[in-house]
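Participant: Dropping a structure here in structure tokens format, bear with me for questions.
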Amino acid sequence: MNHEMVRLIEPLIPALRRYARALMRERAAADDLVQDCLERAISRWHQRRPGDDSRAWMFTILHNLAMTRLRRTTQRPVHIGLDDADPASLASAARQEDGLRHRDLLDALAQLPEEQRTVLLLVTVEELSYADAARVLDIPIGTVMSRLSRARERLAKLMSAEPRTARQSPHLRSVK
């Protein structure tokens with residue numbers, strides 16, 4: 001393995017894992033995705049154009065692999081028997097306020113359309129430039145900016161909405 005390749009790829013692994021977790025929503029699937037991304041990048045390193053940003057190139061590979069897997073999953077869901085399920089995956093986290101806020105954020109992110117969620121994650125979480133995000137997603141930079149704007153607006157609305165229980169005000173009767 002070439003020293004330059006290792007020097008460029010290794011620092012990207014935490015960011016690739018973070019983006020994969022956000023896309024796949026499951027640790028094992030995300031780790032598999034990153035592994036496949038790294039294998040593909042290493043095997044095709046010679047195809048990379050000199051001077052290309054390795055970060056954008058790696059995120060493009062990861063994104064394309066993820067979209068292929070997500071399409072396959074929606075076509076053919078995976079079924080796991082209750083006896084085969086990992087007990088840790090059935091456990092629920094404590095219900096403290098931070099945990100609830102985190103869950104609300106993840107729920108709000110999940111409600112965003114896929115194209116808005118991916119742009120938001122690439123630009124805000126992974127700190128890719130608009131141009132790099134446009135290259136990763138193979139869309140014009142103007143589309144990145146408009147999707148990002150819509151994603152931020154919608155996320156802000158979803159996060160500022162009252163909790164479901166507060167919206168459903170109980171019907172009170174006066175008793176005489």
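Participant: Could you list, in sequence order, the residues of the stretch 12-28 that are under 17 Å from D107 (Cα atoms), in contact with a helix residue (DSSP H, G or I) (Cβ under 6 Å, 6 or more places away or on another chain) and free of Cβ contacts under 8 Å to residues at least 40 places away in the same chain?
Facilitator: Selection gives R21 alone.
Yes/no matrix, rows are residues, columns are (1) under 25 Å from L112 (Cα atoms); (2) touching a Pro at 6+ places or on another chain (Cβ under 7 Å); (3) hydrophobic (A, V, I, L, M, F, W, C):
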{"position": "V6", "(1), (2), (3)": "no, no, yes"}
{"position": "P14", "(1), (2), (3)": "yes, no, no"}
{"position": "Y19", "(1), (2), (3)": "yes, no, no"}
{"position": "R27", "(1), (2), (3)": "yes, no, no"}
{"position": "Q35", "(1), (2), (3)": "no, no, no"}
{"position": "R49", "(1), (2), (3)": "no, no, no"}
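For (1) at pLDDT 80 or above; (2) surrounded by fewer than 16 Cβ atoms within 10 Å (Cβ to Cβ), each residue gets a yes or a no:
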residue	(1), (2)
P77	no, yes
R95	no, yes
L105	yes, yes
R117	yes, no
L122	yes, no
S129	yes, yes
D132	yes, no
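The values are calculated or read from the model by the stated rules, or taken from the named source; none is laboratory data. Since we're looking at a predicted model, the values are computed, not measured. Note that we place each Cβ from the backbone using ideal geometry, even for glycine, and neighbour counts take in every protein chain shown.
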